[in-house]
Amino acid sequence: MPKTIKSKKKVKKIKSKEIKKTLKKTTKPSTKVKETNKAPLKISKTYIPKDTEKYMCEKHKVYFRMKLQEWRKELVKANNEALYNGSMDDNSISADIVDQASSYTDKNVEMKAINRQIKLISEIDKALIRIKDETYGYCLDTAEPIGLKRLMARPVAKYTIAAQEKHEKNEKVHADD
(Lines give C-alpha, C1' and ligand atoms only; values in the text may rest on other atoms or scores of the structure.)
Protein backbone atom coordinates (compact mmCIF):
# COMPACT_ATOMS: atom_id res chain seq x y z
CA MET A 1 0.00 0.00 0.00
CA PRO A 2 2.69 2.60 0.70
CA LYS A 3 3.86 2.22 -2.89
CA THR A 4 0.55 3.41 -4.27
CA ILE A 5 0.54 6.46 -2.02
CA LYS A 6 4.01 7.39 -3.17
CA SER A 7 3.00 7.02 -6.76
CA LYS A 8 0.03 9.32 -6.22
CA LYS A 9 2.31 11.94 -4.71
CA LYS A 10 4.63 11.66 -7.67
CA VAL A 11 1.73 12.09 -10.03
CA LYS A 12 0.58 15.14 -8.10
CA LYS A 13 4.06 16.61 -8.14
CA ILE A 14 4.39 16.02 -11.86
CA LYS A 15 0.99 17.57 -12.51
CA SER A 16 1.83 20.67 -10.52
CA LYS A 17 5.12 21.02 -12.37
CA GLU A 18 3.34 20.63 -15.72
CA ILE A 19 0.77 23.24 -14.71
CA LYS A 20 3.51 25.66 -13.72
CA LYS A 21 5.27 25.10 -17.04
CA THR A 22 2.12 25.71 -19.05
CA LEU A 23 1.35 28.83 -17.02
CA LYS A 24 4.82 30.17 -17.73
CA LYS A 25 4.32 29.53 -21.42
CA THR A 26 0.88 31.13 -21.60
CA THR A 27 1.54 34.24 -19.53
CA LYS A 28 3.23 37.12 -21.21
CA PRO A 29 6.08 38.65 -19.23
CA SER A 30 5.48 42.08 -20.78
CA THR A 31 2.01 42.37 -19.20
CA LYS A 32 3.42 41.73 -15.74
CA VAL A 33 6.03 44.42 -16.23
CA LYS A 34 3.39 46.94 -17.26
CA GLU A 35 1.26 46.21 -14.19
CA THR A 36 4.07 46.44 -11.66
CA ASN A 37 5.87 49.43 -13.17
CA LYS A 38 2.79 51.54 -13.85
CA ALA A 39 3.57 54.93 -12.37
CA PRO A 40 0.99 57.72 -12.17
CA LEU A 41 1.17 60.07 -15.11
CA LYS A 42 2.22 63.62 -14.30
CA ILE A 43 1.14 66.59 -16.36
CA SER A 44 2.09 70.25 -16.14
CA LYS A 45 -0.19 72.77 -14.44
CA THR A 46 -0.65 74.57 -17.76
CA TYR A 47 -1.76 71.45 -19.68
CA ILE A 48 -5.08 71.76 -21.52
CA PRO A 49 -6.71 68.72 -23.19
CA LYS A 50 -6.76 68.88 -26.98
CA ASP A 51 -9.21 67.43 -29.48
CA THR A 52 -6.27 65.99 -31.44
CA GLU A 53 -5.46 63.61 -28.57
CA LYS A 54 -7.31 60.34 -28.08
CA TYR A 55 -10.54 61.03 -26.19
CA MET A 56 -10.21 60.28 -22.46
CA CYS A 57 -6.60 59.21 -22.73
CA GLU A 58 -4.56 59.00 -19.54
CA LYS A 59 -3.58 62.70 -19.76
CA HIS A 60 -7.24 63.74 -19.95
CA LYS A 61 -8.13 61.61 -16.93
CA VAL A 62 -5.28 63.03 -14.87
CA TYR A 63 -6.20 66.59 -15.92
CA PHE A 64 -9.87 66.22 -14.95
CA ARG A 65 -9.00 64.36 -11.73
CA MET A 66 -6.72 67.23 -10.69
CA LYS A 67 -9.31 69.83 -11.70
CA LEU A 68 -12.08 68.07 -9.76
CA GLN A 69 -9.92 67.57 -6.67
CA GLU A 70 -8.85 71.22 -6.65
CA TRP A 71 -12.47 72.37 -7.09
CA ARG A 72 -13.54 70.09 -4.23
CA LYS A 73 -10.86 71.53 -1.91
CA GLU A 74 -11.99 75.07 -2.69
CA LEU A 75 -15.65 74.23 -2.01
CA VAL A 76 -14.89 72.49 1.28
CA LYS A 77 -12.75 75.42 2.40
CA ALA A 78 -15.45 77.94 1.44
CA ASN A 79 -18.13 75.91 3.24
CA ASN A 80 -16.04 75.64 6.39
CA GLU A 81 -15.40 79.39 6.39
CA ALA A 82 -19.07 80.18 5.79
CA LEU A 83 -20.19 77.86 8.57
CA TYR A 84 -17.60 79.29 10.95
CA ASN A 85 -18.55 82.89 10.12
CA GLY A 86 -22.24 82.02 10.36
CA SER A 87 -21.79 80.56 13.81
CA MET A 88 -19.97 83.72 14.92
CA ASP A 89 -22.95 85.86 13.90
CA ASP A 90 -25.35 83.85 16.08
CA ASN A 91 -24.10 85.68 19.17
CA SER A 92 -25.33 89.04 17.95
CA ILE A 93 -29.06 89.23 18.56
CA SER A 94 -30.62 92.55 17.78
CA ALA A 95 -33.57 94.02 19.56
CA ASP A 96 -34.90 95.47 16.31
CA ILE A 97 -37.37 93.14 14.57
CA VAL A 98 -36.36 94.35 11.09
CA ASP A 99 -32.68 93.62 11.80
CA GLN A 100 -33.59 90.14 13.08
CA ALA A 101 -35.63 89.43 9.95
CA SER A 102 -32.81 90.68 7.73
CA SER A 103 -30.28 88.54 9.62
CA TYR A 104 -32.56 85.50 9.35
CA THR A 105 -32.95 86.03 5.57
CA ASP A 106 -29.19 86.40 5.11
CA LYS A 107 -28.52 83.18 7.04
CA ASN A 108 -31.22 81.39 5.05
CA VAL A 109 -29.58 82.44 1.77
CA GLU A 110 -26.15 81.37 3.07
CA MET A 111 -27.45 77.97 4.15
CA LYS A 112 -29.05 77.40 0.75
CA ALA A 113 -25.74 78.25 -0.91
CA ILE A 114 -23.92 75.86 1.43
CA ASN A 115 -26.45 73.11 0.66
CA ARG A 116 -25.92 73.63 -3.08
CA GLN A 117 -22.17 73.41 -2.57
CA ILE A 118 -22.56 70.21 -0.54
CA LYS A 119 -24.55 68.69 -3.42
CA LEU A 120 -21.85 69.85 -5.83
CA ILE A 121 -19.17 68.19 -3.66
CA SER A 122 -21.21 64.99 -3.87
CA GLU A 123 -21.33 65.32 -7.68
CA ILE A 124 -17.56 65.88 -7.75
CA ASP A 125 -17.05 62.72 -5.68
CA LYS A 126 -19.23 60.77 -8.13
CA ALA A 127 -17.22 62.17 -11.05
CA LEU A 128 -13.97 61.09 -9.38
CA ILE A 129 -15.41 57.60 -8.98
CA ARG A 130 -16.34 57.58 -12.68
CA ILE A 131 -12.74 58.51 -13.53
CA LYS A 132 -11.56 55.57 -11.46
CA ASP A 133 -14.13 53.29 -13.14
CA GLU A 134 -13.10 54.67 -16.55
CA THR A 135 -16.66 55.74 -17.39
CA TYR A 136 -15.92 59.46 -16.99
CA GLY A 137 -16.46 61.54 -20.10
CA TYR A 138 -19.13 59.26 -21.51
CA CYS A 139 -22.89 59.83 -21.31
CA LEU A 140 -24.65 57.67 -18.72
CA ASP A 141 -27.64 57.25 -21.07
CA THR A 142 -26.13 56.85 -24.51
CA ALA A 143 -22.49 55.97 -23.70
CA GLU A 144 -21.41 58.55 -26.29
CA PRO A 145 -18.49 60.90 -25.56
CA ILE A 146 -19.68 64.03 -23.73
CA GLY A 147 -17.00 66.17 -25.34
CA LEU A 148 -13.98 68.03 -24.02
CA LYS A 149 -15.52 71.51 -24.31
CA ARG A 150 -18.53 70.50 -22.22
CA LEU A 151 -16.33 68.79 -19.62
CA MET A 152 -14.05 71.81 -19.45
CA ALA A 153 -17.08 74.03 -18.77
CA ARG A 154 -18.80 71.55 -16.43
CA PRO A 155 -16.41 68.82 -15.19
CA VAL A 156 -19.22 67.00 -13.35
CA ALA A 157 -21.33 66.60 -16.51
CA LYS A 158 -22.90 63.15 -16.77
CA TYR A 159 -24.81 63.49 -20.03
CA THR A 160 -24.34 64.81 -23.55
CA ILE A 161 -26.19 68.04 -24.25
CA ALA A 162 -29.03 66.20 -26.03
CA ALA A 163 -29.43 63.69 -23.19
CA GLN A 164 -29.30 66.51 -20.60
CA GLU A 165 -32.07 68.39 -22.41
CA LYS A 166 -34.13 65.21 -22.49
CA HIS A 167 -33.66 64.73 -18.73
CA GLU A 168 -34.59 68.32 -17.99
CA LYS A 169 -37.69 68.02 -20.17
CA ASN A 170 -38.72 64.83 -18.34
CA GLU A 171 -38.16 66.51 -14.96
CA LYS A 172 -40.35 69.42 -16.01
CA VAL A 173 -43.13 67.08 -17.18
CA HIS A 174 -43.03 65.12 -13.91
CA ALA A 175 -42.89 68.31 -11.84
CA ASP A 176 -46.13 69.48 -13.47
CA ASP A 177 -47.94 66.27 -12.43
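The values are calculated or read from the model by the stated rules, or taken from the named source; none is laboratory data. Everything quoted here is computed from the prediction, not taken from an experiment. Here Cβ is always computed from backbone atoms with ideal geometry, including for glycine, and neighbour counts include all displayed protein chains.
Checking Leu120 against (1) out of contact with any Phe, Trp or Tyr (no Cβ under 9 Å at 6 or more places or on another chain); (2) among the aliphatic types (A, V, I, L, M); (3) modelled with pLDDT of 95 or more, only one condition comes out false. Which one?
Evaluating Leu120 over (1) out of contact with any Phe, Trp or Tyr (no Cβ under 9 Å at 6 or more places or on another chain); (2) among the aliphatic types (A, V, I, L, M); (3) modelled with pLDDT of 95 or more leaves (1) as the failure.
For (1) surrounded by 11 or more Cβ atoms within 10 Å (Cβ to Cβ); (2) not in a helix (DSSP H, G or I), each residue gets a yes or a no:
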site	(1), (2)
Ala113	yes, no
Gln117	yes, no
Ile121	yes, no
Ile124	yes, no
Ile131	yes, no
Thr142	yes, yes
Met152	yes, no
Ala162	yes, no
Ala175	no, no
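Starting from the stretch 111-129, take each residue that is acidic (Asp, Glu) and list its partners that are surrounded by 14 or more Cβ atoms within 10 Å (Cβ to Cβ), counting only C-beta distances under 7 angstrom and pairs at least six apart or across chains.
Note: pairs meeting the criteria are Glu123/Val156.
Only one of Ala127, Ala157, Ala175, Ala162 is of a type in the set (A, V, I, L, M), outside the structural domain of Gln69 (by TED's automatic domain parsing) and under 21 Å from Val62 (Cβ atoms). Can you tell me which?
The match here is Ala157.
Checking Thr135 against (1) under 16 Å from the mean Cα position of the chain (by Cα); (2) outside any helix (DSSP H, G or I); (3) in contact (Cβ under 8 Å) with a residue 12 or more places away in the chain: exactly one of these is not met. Which one?
All conditions are met except number (3).
Go through (1) assigned to a helix (DSSP H, G or I); (2) more than 30 Å from Lys112 (Cα to Cα); (3) modelled with pLDDT of 55 or more and name the single condition Ile14 misses.
Checking Ile14 against (1) assigned to a helix (DSSP H, G or I); (2) more than 30 Å from Lys112 (Cα to Cα); (3) modelled with pLDDT of 55 or more, the one that fails is (3).
Restricting the stretch 49-62 to residues that are under 16 Å from the mean Cα position of the chain (by Cα) and closer than 17 Å to Lys158 by Cα, which is surrounded by the fewest Cβ atoms within 10 Å (Cβ to Cβ)?
Lys61
When you check Leu41 against the structure, is it modelled with pLDDT of 50 or more and either assigned by TED's automatic domain parsing to the domain that holds Ala143 or touching a helix residue (DSSP H, G or I) at 6+ places or on another chain (Cβ under 6 Å) (or both), yes or no?
yes
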